[in-house]
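First up is the structure itself, then whatever we jot down about it.
Please treat every number below as a calculation from the coordinates, not as lab data. This is a predicted model, so every value here is computed, not measured.
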Amino acid sequence: MIIQQFIVGSMAVCCYLISCEETKLAAVINPGGNEKQILADAKHKGLTIKYIINTHGHADHNCGNGLIKEATRAKIITHTKDADFFSRPEIKEYFSILNLPDSPSADQLVNDGDTITIGKVKLTVLHTPGHTPGGICLYSSPNLFSGDTLFVGGIGRSDFPGGDTKELIRSINQKLLTLPPDTKVWPGHSYGGNFSTIAREIDSNPYLSKVL
């Protein structure tokens, strides 16, 4: 798997263009801006974008879905619970304060343990609620795309609608800290850094004292 990281939008979202070296099939994870740059990079590398994957339903992570889907006809993938939660009128109204484009409806819904196949690359869906009801991480050893569940030196917020601190801590403990220590963590924001490892986060992330 080849990984290209982009820091996009006003909230420093980490967007990823991941691809299969053999088949040149690709997916975009969390397109939250800089869509022209992402598309140009994919074209330059001869990639075909098959999927747009959102680790959760917040607009800063999916506001670029529409433009990339229009340009590539890629399928949008999100977790079942976030598809339901973020379709509610009161939730749409609340997050309209971000003043970002809405995402088209998802084309494919996933649940915990599902596999997303991109050529020879296989991503395992880990349902990690707490930041949002349908938040997910994506695992393909030795890489973990941790969305807004786990950051470098931090963890996701749980004070937005749909957030739950106890669920977030449980998700991190049960789904992420059980992965091999050398797992490379690619976060949903670059607040504390662009990447880390599970071992480093266990050793130095101050928020994980609530988990361990």
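Of note:
- Whichever lysines have a C-alpha closer than 27 Å to that of residue 81, once near sequence neighbours (fewer than 8 apart) are set aside: 50, 69, 92, 122, 166, 175, 184, 210
- Under conditions of 25 °C and 0.890 mPa s, the range 28-110 yields 190 µm² s⁻¹ as its translational diffusion coefficient, taking Rh as the Kirkwood radius over Cα pairs in the Stokes-Einstein equation.
- Taking only the Cα atoms of the range 81-212, the radius of gyration and Dmax are 15.0, 42 Å.
- Per residue of the chain, the DSSP helices (runs of n ≥ 4 H) give a summed -39500 (n - 2.57) that works out to -6000 deg cm²/dmol at 222 nm.
- Across all C-alpha atoms in the range 1-160, the radius of gyration and Dmax reach 14.5, 44 Å.
- Here the 3J(HN,Hα) profile of the range 88-100, calculated from phi with Karplus coefficients 6.51, -1.76 and 1.60 at θ = phi - 60°, is 6, x, 5, 6, 4, 5, 4, 7, 5, 4, 6, 6, 10 Hz, Gly and Pro shown as x.
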